[in-house]
Structures are given as structure tokens and as C-alpha cells.
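The values are calculated or read from the model by the stated rules, or taken from the named source; none is laboratory data. Model, not experiment: these values are computed from the prediction. All Cβ positions, even for glycine, are placed from backbone atoms using ideal geometry, and neighbour counts span all protein chains on display. Surface accessibility is based on the protein's heavy atoms, side chains included, excluding ligands, DNA and RNA. Shrake-Rupley method; radii C 1.70, N 1.55, O 1.52, S 1.80 Å.
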Amino acid sequence: MTYLFRAGALARAERRVYQITERGKELLARGLERLTQRCLLEFPEFRKFLVGDEPEVPPPSGGDASPEEPLASAWKELRESLVAEILDKVRQVTPSHFEQIVVDLLVAMGYGGSVEDAARVLGRSGDGGIDGMIKEDKLGLDVVYVQAKRWSQNVGRPEVQAFAGSLEGARAREGVFITTADFTKDARDYVSKSKRKSS
């Protein structure tokens, strides 16, 4: 259901109720024996949902393909499917649970040792735009502040700028902004300009 919705073959009529779209009817009319993820990759919305950009769909392997090529293609398809499934599940958790997942992930990446002594989730009403903090090193000399957005729409410049202001207010030197979506061009440009000013 998620894949068909993301590919534009289904639309949400109301909560937990889906309706077939014109695109969905066109797919049915093709008389496909089986509707796979590969079939849905022709739609840009679905490609963007899977990998955040629009990769080229690899052509079907012909008789000249080496044994590694079908394996590589199958591995890529499995990986993309797993990424989509994990992202879909993460988007369904509560905001506070998502913030905890982000902090746990940063600890698992090697920041500050263990969850107990390296990080804490701050997200709450009036948190000043900072959802968590994590020690960059095991001695705890440098602290990285974290903002986590469990959004489906892209994060824009106002949110990034507000986070930058929160960092200044906390006299922090570093921050990490993590989202389940993407960042707009304006947001990216703002960060690039800020880096140039501070260097």
C-alpha cells in the first residue's frame, strides 16, 4: 500500500482509506502478471521516495550480462526496498521516539561512548529548537546539539535558520540537523553561506 501510494497509483481518500488513481488504473490495464517495485521505479515520485533522488533504472540484463550483474541488480533492489521500509517505519513513530532514535544512532556511530554518558534527549515544549545533545568525544569536551524532524515535507531555510539561532543562544559551536525528508535549496544555500562566513 505504501509503495502504491508513493508511486501515485493510490490516493488517500481519508485516514486508512485509499482510492485507486488514474495512474493505478493505467497500471492495471497493462495486464502485468505481477506488479513489482521495479515496475514502480518508472515514476519519479517513487524513485524520490526510495532513494531521495532520481537514479536511472538499470536496463534488464540480456544474454551478454556477466553473472555479477544480476546479483548486483538484485542487491540494489533489496537495499532500496529495505531503505524504503525502514524510512516508512521511522516516519510512523512519535516525534519524541524519533528524537531518541537519532541520538541512539549518533552514539552507535561512535560519538561519546555510551548512551548513558554521551547523550540525552532534550525535545520538549520550549526546548529552544534543540532536541538533543551528544558529546563529540569520550571526554565530553565538545558537545554537538541535535535537531530531529520526522517530516514528510522538505525542511526549509526558516527551520535551519531557527536551529542556527538556537545554537548561538546555547553558545554551541556545532549542530546536526537530521530529517526523514530532505532540505530545500534555500536551506542548503543558507548553510553553505554560513560556513563561508564562519571560516
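At a glance:
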| item | result |
| --- | --- |
| Any helices (runs of 4 or more DSSP H) falling wholly within region 12-90 and containing at least 3 residues that are open to solvent by 70 Å² or more (accessible area, probe 1.4 Å) and modelled with pLDDT of 85 or more | 22-29 |
| Where a residue in region 32-47 is closer than 15 Å to residue 73 by Cα and its partner, wherever it lies, is open to solvent by 30 Å² or more (accessible area, probe 1.4 Å) and basic (Lys, Arg), with Cβ under 8 Å and at least six apart | 41/47 |
